Amino acid sequence: MFTGIIEEKAAIKKIEETDEAMILTIEANTIMDGIRLGDSISVNGVCLTVTSFQSNYFTVDVMPETIKSTSLRMLSEGAKVNLERAMSFDGRFGGHFVTGHVDTTGTIRSITPYENAYYIDIELPRQIMTYVMVKGSVAVDGISLTVFGADDENSILTISIIPHTWQETILSDKKIGDPVNIEADMLMKYTEKLLNTRQKTTENITAETLKDNGFM
């Protein structure tokens with residue numbers, strides 16, 4: 001579990017590719033403090049496991065399904081990535097609950113400077129807009145952000161970026177047309193699941209009652 005508060009912007013040192021998988025070697029500083037084999041690290045919002053490390057870098061395996069469903073497949077050596085260690089329960093919780101299980105990728109459609117902020121419009125698959133609510137939470141490349149606007153008709157999510165987030169994350173490197181990893185708010189997904197399950201249960205009970213009483 002993560003908070004979506006990025007700890008470090010780091011660089012991809014090496015990419016080793018097989019037919020359908022890859023190994024990333026990532027140069028880092030801050031997150032190397034206390035790192036251990038098997039630790040979970042969020043890389044651009046994707047929860048990956050540390051498989052080896054030295055003083056200034058670590059490696060992670062990326063499995064085929066993760067390559068297909070996230071923007072990690074677009075990485076190249078030297079590219080910057082957002083990093084966050086798994087949350088500590090004795091620390092402050094400044095973002096929102098982020099699992100590191102990316103739901104989809106979105107596409108940046110516009111980047112607009114406004115006063116001290118940047119407004120970014122991101123096009124999402126229509127089904128993901130179900131979980132997007134103004135003033136709600138979303139993780140974009142692992143960054144915990146507040147939804148500034150939601151255009152359901154055109155499937156556009158708008159986020160507003162403060163200068164600190166712009167400078168300390170890879171959002172400042174993004175261009176129009178670039179993909180970003182999107183993880184919808186976990187609470188929204190659980191709520192939808194609960195409501196759908198309850199509705200189906202009610203429908204089944206109603207159908208069984210009608211059948212038992214000879215109406216079906």
Practice item. Could you work out how far apart the two model spin labels at residue 11 and residue 197 are, taking each label as a point 7 Å from the Cα in the direction of the beta carbon, and quote it in nm? Key: 4.7 nm
Review point. How many nm separate the modelled label positions at residue 18 and residue 135, each set 7 Å beyond the Cα in the direction of the Cβ?
Key: 4.9 nm
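May I ask you to list the GluC sites (Glu not before Pro) in segment 73-149 that are in a DSSP loop and have at most 12 other Cβ atoms within 10 Å of their Cβ? Each step should come with its number before you reach the end.
On the way: sites: 77, 84, 115, 123; in loops: 77, 115.
Passing both the DSSP loop test and the Cβ count: 77, 115.
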Check your understanding: Can you list the chymotrypsin sites (Phe, Trp or Tyr not before Pro) in segment 36-89 that are in a DSSP coil and have 15 or fewer other beta carbons within 10 angstrom?
Key -> 89
Practice item. Any chance you could give the angle, 0 to 90 degrees and rounded to 10, that helix 186-212 forms with the longest Cα principal axis of the chain? Key: 20 degrees
**Study point:** Estimated 222 nm signal from helices in the chain, with DSSP H stretches of n ≥ 4 weighted -39500 (n - 2.57), rounded to 500
**Key:** -5500 deg cm²/dmol
Check your understanding: Considering only the other residues whose Cβ falls under 13 Å of the Cβ of residue 59, what net charge follows from Lys and Arg at +1 and Asp and Glu at -1?
Key -> -2
Point to revise | Violating pairs (Cα-Cα greater than 19 angstrom) within the set 68/189; 9/174; 14/175; 135/193; 80/175 | key: 68/189; 14/175; 135/193
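So, by mean Cβ neighbours within 10 angstrom, what's the order for 42-50, 67-75 with the highest one leading?
42-50, 67-75
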Exercise for review: Using the charge dipole of segment 3-90 (Lys, Arg: +1 at Cβ; Asp, Glu: -1 at Cβ; taken about the Cα centre), state which of 59, 74, 37 has its Cα farthest towards the positive end.
Suggested key: 74
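Throughout, read-outs are computed from the coordinates displayed, never taken from laboratory work. What you see is a predicted model, and the numbers here were worked out from it, not measured in a lab. With ideal geometry, Cβ positions are generated from the backbone for all residues, glycine too; neighbour counts draw on all protein chains shown.
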